[in-house]
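Working notes, structure below.
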There are 2 protein chains.
Amino acid sequence: MQKPSIPKGTRDFGPAQVARRQHIFNVIRRTFESFGFAPLETPTLENLSVLTGKYGDEGDQLLFKVLNSGDFAKDVTAEDLASGSKALLPKVAEKGLRYDLTVPFARYVAMNRGTLTFPFKRYQMQPVWRADRPQRGRYREFYQCDADVVGTDSLLCEAEIVLMMAQVLGGLGLHDFTIKINHRGVLRNIYQALGGEGRETDLFVAIDKLDKIGREGVTKELLERGFSELTIDTLFALLTVEGSYEEKLQRLLAGFVTAGVEPDGTRPSAAEDGQDTANYRGLTELAEVRDLLTASGFKQFDRLEFDPTLARGLSYYTGCIFEVKINNVQMGSVSGGGRYDNLTGSFGLPGVSGVGFSFGVDRLYDCLEALDLFTVTGETPTRCLITHFDVASGRAALPLLAELRAAGIPAELYPDASKLQKQFKYADAKGIPLVIIMGPEEIAAGVVKVKIMQTGTERVLPIGEVVTALTAE
Amino acid sequence: MQKPSIPKGTRDFGPAQVARRQHIFNVIRRTFESFGFAPLETPTLENLSVLTGKYGDEGDQLLFKVLNSGDFAKDVTAEDLASGSKALLPKVAEKGLRYDLTVPFARYVAMNRGTLTFPFKRYQMQPVWRADRPQRGRYREFYQCDADVVGTDSLLCEAEIVLMMAQVLGGLGLHDFTIKINHRGVLRNIYQALGGEGRETDLFVAIDKLDKIGREGVTKELLERGFSELTIDTLFALLTVEGSYEEKLQRLLAGFVTAGVEPDGTRPSAAEDGQDTANYRGLTELAEVRDLLTASGFKQFDRLEFDPTLARGLSYYTGCIFEVKINNVQMGSVSGGGRYDNLTGSFGLPGVSGVGFSFGVDRLYDCLEALDLFTVTGETPTRCLITHFDVASGRAALPLLAELRAAGIPAELYPDASKLQKQFKYADAKGIPLVIIMGPEEIAAGVVKVKIMQTGTERVLPIGEVVTALTAE
């Protein structure tokens, strides 16, 4: 007899967990939709020709590949086998599981370019699969919730990402958060200030490690790579400017001017506004995002941090980048995103730029659980259990049962005339808040007893008044 | 440059389709929950040891298998390769994609037997995958919506399945339906009446073809298998009894008594009720289901048909069986189910019986579309687009935008100050019903123009009254 199990890194979600997860999805969906994002769903299976090469070598390794159906090995020769798994792969598998939501979105936009109206705002909440080594908080099947706008350069989109992040977190009761924002243009200007142009990757790799190895570690690494101590000091002076959002903009501007960094072009809207940061695109755009937020009534600037060290690994970002942390829980970022150019280039549709971001539902779940922010959910949606004395009183309860359900109160009649104690144990174990006792005596008197399970209090009500009394609660 | 595509038998769902599908899921979910069914979600990936052998040989063929990650071919020898795909499979794949929702549910119940409270009522709405030949209405990835109760024999569950089927179809606006009901016990009694016991499979196979090859074809087949003409006449007399639900029960009872069929045991509840069909379990239970429905206020007996020819292929059914057709659309059954014994036997937990049923979302979708029953949904949830004249008026619109969203009205400001014509085209293409025009003139006057896209009518409103006016609609 086999002992049943599920694959490593996957999970079953029982009733209480599904209800909690649905709560998170609902808050995110409502927010996305209120900002005009439309839902998209793409297939679980994608052609490997679509997926391969989009996530780097490591990503290709982590793709789950699906064996061709039927006689999958019919074209495999002994030579193929001898040349190893990598050479064998294209002969036995042509489909894989969705690895993220961005590549399928790009594929969808490219395939439907003729019929879509741009700007196209879509959200997508679906599971993705990665053959990662499973560990705490890292699963092989997990959900992503993405929202992207393609087909516009407007910084309104960036401002709205901040608004949506704050609205979702507030809607979930997660009030102690920090939204970090930076701009790839700022990072580029910093490289230029160091005379490090052309060696951006070295600097980038080092900065990305700042969290892990600290200033000392990064300094050591940069010295080994031939950067001077003066350069490194300048780097840290720029990266670690302090002050408010506004003060950091001004201090970096001063730093760039001192270092003789060439302005990298203006945006007309910024010029009109007369921003004095106008000639450095990164700073200009960050200032404009701040102004759009202010005009939108955004009040949480204490939770929006301009962090010049924020890099985000994905190289396709080209403008603003975002990352969100919950401060009172030990947990990686729960959301992130940024602006990219050329999303659909590899699918034959160049020049489609956009901006998007994503929530990690599993991390949000863990945060809410750690902070005890879930309202108590039972193991069932049932609000009311009617006990079952015997066949006759069971039948007599059916009209009330139908009435409760019609009034929107999920209800059950215990299916068998078991011992009352067993029926109460059932209500207790499932977390059903109300039990209606309706035995022969009650029926004869035209009443029912309603017991509130949490307090144990009972009250007697005429049968005809039960639904009104319970809907009033 | 690759031309992107999706695998055969899979689909992208754009915004309007997702909205319509969500409508179907919501109606089903609300119904399931109002009857006290709790949500369960199981992983997409299951171990092949769990899936294989549960769906027959054909099912095993149709399972999508997932290649082991990493160097999947490392243990494969030239001899393995020579012995073909079937022998090779266990060496390269140990996981597969969910094929239905019943086996994962059984696996879940068996794995969690120690902590679950029975009766356990669960619903599950998730996609499943089958490597079937794609054709019209048949996909390789499609959704199932199942509800099952395990751990009780109560016929209340059967009655509630009929109630839920009727409620979901009514909720979707599908009023011209037939719920067919039969009982495996009735089929068994019919076999007995023919003296065909022990040859049930022959009869069963023939009856199952009645729809396709007609009475003549079935007769021919049964003659070839050695049944007498008299037997076959008796068979058809029993299978094709006419009349109401009640009349069919009585006529079959008379037929069984005449044929000298031995009663197959009683149910105490039926005996108490003094049903005269008491000694034939199938007839007894069908009578009790009818009584429970009547007591529940069920009024649609004209849509509930007792059909003694209903067989349903799956051999694990042991009691009542169900199937639902929409009469005014050319479409296979949209729902079906039945009672089974021993759901979890193959996972080491014998004796768990239950009853369940399933909706096919894709077929429901096609019915609703064929009957034009979807309310018009645009390509976006946005109810209201604010036009964008220039930078200053764009910014001036942001407080109104925030106010609309806070009032629960999904809204967008067109992201760029493009030509007005382009912005209107955008609203039109996306199906946005309202456009708010808020240019420099309007701002100076403290008003906006609201245009109803469908009628073209415009009205001028003070900015401060827009939200109240739109929420009132």
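Tabulated data
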{"item": "Average other protein chain Cβ within 10 Å of Cβ, residues B:10-19", "result": "6"}
{"item": "Shielded by partner chains, the range B:345-387 residues - at least 50 Å² of accessible area, 1.4 Å probe, vs chain alone", "result": "B:PRO381"}
{"item": "1.4 Å probe accessible area per residue over the protein assembly as shown, in Å²", "result": "42 Å²"}
{"item": "Cα gyration tensor shape for the range B:384-472, rounded if a/c is under 1.5, else prolate or oblate", "result": "rounded"}
{"item": "On Cα atoms only, tilt of B:361-370 relative to the major axis of chain B in degrees", "result": "70 degrees"}
{"item": "Segments B:429-439, B:379-389 sorted - mean Cβ within 10 Å per residue, highest first", "result": "B:379-389, B:429-439"}
{"item": "Karplus-derived HN-Hα couplings along the range B:402-416 (A = 6.51, B = -1.76, C = 1.60, θ = phi - 60°), whole Hz, x at Gly and Pro", "result": "5, 5, 4, 5, 5, 7, x, 9, x, 9, 9, 9, 3, x, 10"}
{"item": "Estimated vicinal HN-Hα couplings, Hz - the range A:160-168 in sequence order (Karplus 6.51, -1.76, 1.60; Gly, Pro = x)", "result": "5, 4, 4, 4, 5, 4, 5, 5, 5"}
{"item": "Cα-based helix-to-principal-axis angle, B:245-259 vs chain B, degrees rounded to 10", "result": "20 degrees"}
{"item": "Distance between the range B:27-95 and the range A:332-389 - C-alpha centres, whole angstrom", "result": "27 Å"}
{"item": "Partner chain coverage, peptide A:84-95 - average Cβ within 10 angstrom", "result": "4"}
{"item": "Chain lengthening between A:ALA78 and A:SER49 when straightened (0.36 nm per residue, less Cα-Cα)", "result": "8.0 nm"}
{"item": "Whichever lysines have a C-alpha closer than 16 Å to that of B:LYS180, once near sequence neighbours (fewer than 8 apart) are set aside", "result": "B:LYS248, B:LYS299, B:LYS325"}
{"item": "Rounded to whole Hz, the Karplus (6.51, -1.76, 1.60) HN-Hα couplings of the range A:225-238, x for glycine and proline", "result": "8, x, 7, 7, 4, 4, 4, 5, 4, 4, 3, 5, 4, 6"}
{"item": "Trypsin sites (Lys or Arg not before Pro) within the range B:211-243, DSSP loop, no more than 16 other Cβ atoms inside 10 Å", "result": "B:ARG225"}
{"item": "DSSP-loop trypsin sites (Lys or Arg not before Pro) across the range A:111-196, with at most 15 other Cβ within 10 angstrom", "result": "A:ARG113, A:ARG136"}
{"item": "Percent accessible area from carbon and sulfur atoms, chain A, protein chains only, probe 1.4 Å", "result": "49 percent"}
{"item": "Under-5 Å amide H pairs with B:GLN126, H placed in peptide plane, nonlocal only", "result": "B:GLN144, B:ASP146"}
{"item": "In degrees, nearest ten, helix B:420-430 long axis to first principal axis of chain B (Cα)", "result": "10 degrees"}
{"item": "Cα-based shape type of chain A, given that a ≥ b ≥ c are square roots of the gyration tensor eigenvalues and the cut on a/c is 1.5", "result": "prolate"}
{"item": "The range B:45-97 shape via C-alpha gyration tensor axes, a/c threshold 1.5", "result": "oblate"}
{"item": "Interchain or long-range residues, amide H under 5 Å from B:HIS183's placed H", "result": "B:ILE321"}
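The values are calculated or read from the model by the stated rules, or taken from the named source; none is laboratory data. Keep in mind that what you see is a predicted model, and the values were worked out from it rather than measured. With ideal geometry, Cβ positions are generated from the backbone for all residues, glycine too; neighbour counts draw on all protein chains shown. Accessible surface is based on the protein model in full, side chains and every heavy atom, while ligands, DNA and RNA are left aside. Shrake-Rupley method; radii C 1.70, N 1.55, O 1.52, S 1.80 Å.
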